[in-house]
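One structure is given here, and the rest of the page talks about it.
The values are calculated or read from the model by the stated rules, or taken from the named source; none is laboratory data. Every value quoted in this text rests on a predicted model; they were computed, and no experiment measured them. Cβ atoms come from the backbone with ideal geometry, glycine included; neighbour counts cover every protein chain shown.
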Amino acid sequence: MTLPRLFKTEAIVLRQRKLGEADRILTLYTPTYGKLDAKAKGVRKTTSRMSGHLQPLTRCMVQLARGRSMEVIAGCQALESFAVIREDLQRLSRALYAAELVDRFVPEHVESHATYHLLLDTLRRLAQALDADSVLRYFEMRLLEHSGFRPELARCLGCERQLQPVTNYFSPGAGGTLCPECAGGTAGPRPLSVNALKVMRLLQRGSYNDMARLQVPPELGQEIERHLRSYIVHVLERDVNAAAFIERLRRDALFETIEV
Ligand SMILES: [Zn+2]
């Protein structure tokens, strides 16, 4: 995609890193231009008027000018700062996790209104103090689908038969479910309870409201989280650049990504 010389777009700040003495490079996610890096000049100076509008997770309106190596931010205005999320480490860590997953999954400069709105809806749900785990599981399942990694949950990927209501298996390597006979003896697949399979199918086929109406007991929630997490790790591991992120996923400590 060739970008215009000067353009205005709504964006969510996925992450930021320092550049030189006073600048930052921001990774922005936009509905029309996809993910792109942009330089924010002088934004680390105390006199900067832009810095408050460009914190990670902020939804903002930015004016971008095409630069030699990357876009330069010519102006910006925060639209939603998600202050409620920033005040609560539990919510903040989940929101940063969602932003980082988007950063890892989406390619640069590829339009995707659907994934953009998925991230925005996820941030708004986290801000509303809804059940944060359900919000994230729904986000993960949809992001996998948008990225072309929809897991198979109806049939056995070995023998192609419909799954029976017994304990089946989930195999990250195969990309979905295996029946007990086909999973037998191999190391990768993990047991998938009948209820976990039901909830995962609802995550895949239902709306967020269908999911929100469900009271998922903690143990079941953890089982589903493990299956989805292991699948995400498997998918991202194909990309060596994601290695550091996968380590953080494994340690489950995302607070370190906050740059103060
Ligand atoms: Zn089978």
Are any of the residues in segment 201-215 within 16 Å of the ligand (Cβ to nearest atom), among the hydroxyl-bearing types (Ser, Thr, Tyr) and assigned by TED's automatic domain parsing to the domain that holds residue 122?
no
Give me the pairs, please: first residue somewhere in segment 182-193 and surrounded by 14 or more Cβ atoms within 10 Å (Cβ to Cβ), second residue anywhere and assigned to a loop (DSSP other than H, G, I, E, B) and of a type outside the set (S, T, N, Q), beta-carbon distance under 7 Å, and either six or more positions apart or on two chains.
182/156; 182/158; 182/159; 183/189; 188/172; 188/173
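Determine if segment 217-227 includes at least one residue that is assigned to a strand (DSSP E or B) and free of Cβ contacts under 8 Å to residues at least 24 places away in the same chain.
The initial filter retains those residues of segment 217-227 that are assigned to a strand (DSSP E or B), namely none.
Among the residues of segment 217-227, not one is assigned to a strand (DSSP E or B) and free of Cβ contacts under 8 Å to residues at least 24 places away in the same chain, which makes the answer no.
Taking segment 156-168, which residues are part of a loop (DSSP other than H, G, I, E, B) and touching a residue at least 24 places away in the same chain (Cβ under 8 Å)?
Residues of segment 156-168 part of a loop (DSSP other than H, G, I, E, B): 156-161, 163-167.
Within segment 156-168, 156, 157, 158, 163, 165, 166, 167 qualify.
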Condition test on residue 21, is it farther than 30 Å from residue 138 by Cα and buried (at least 20 other Cβ atoms within 10 Å of the Cβ)?
no
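When you go through 153, 178 one by one, which is the residue that is within 14 Å of the ligand (Cβ to nearest atom), crowded, with 16+ Cβ neighbours inside 10 Å, without any contact (Cβ under 8 Å) to a residue 24 or more places away in the chain and in the same structural domain as residue 97 (by TED's automatic domain parsing)? Lay out the reasoning, then the answer.
Working: 153 fails: without any contact (Cβ under 8 Å) to a residue 24 or more places away in the chain.
Testing whether each residue is within 14 Å of the ligand (Cβ to nearest atom), crowded, with 16+ Cβ neighbours inside 10 Å, without any contact (Cβ under 8 Å) to a residue 24 or more places away in the chain and in the same structural domain as residue 97 (by TED's automatic domain parsing) leaves just 178.
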Identify the single condition in (1) crowded, with 21+ Cβ neighbours inside 10 Å; (2) within 16 Å of the ligand (Cβ to nearest atom) that residue 139 does not satisfy, given that it satisfies every other one.
(2)
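Among the listed residues 150, 137, which satisfies the condition of being under 21 Å from residue 202 (Cβ atoms) and assigned to a loop (DSSP other than H, G, I, E, B)? Working first, answer last.
Working: 137 fails: assigned to a loop (DSSP other than H, G, I, E, B).
Sole residue among the options that is under 21 Å from residue 202 (Cβ atoms) and assigned to a loop (DSSP other than H, G, I, E, B): 150.
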When the residues of segment 181-200 are filtered to those that are within 16 Å of residue 231 (Cα to Cα) and part of a loop (DSSP other than H, G, I, E, B), which remaining residue is nearest to the ligand (Cβ to nearest atom)?
189
Just to confirm my filter: which strands (runs of 3 or more DSSP E) fall fully inside segment 1-108 and include at least 2 residues that are over 21 Å from residue 123 (Cβ atoms)?
6-19, 23-30, 59-65, 71-80
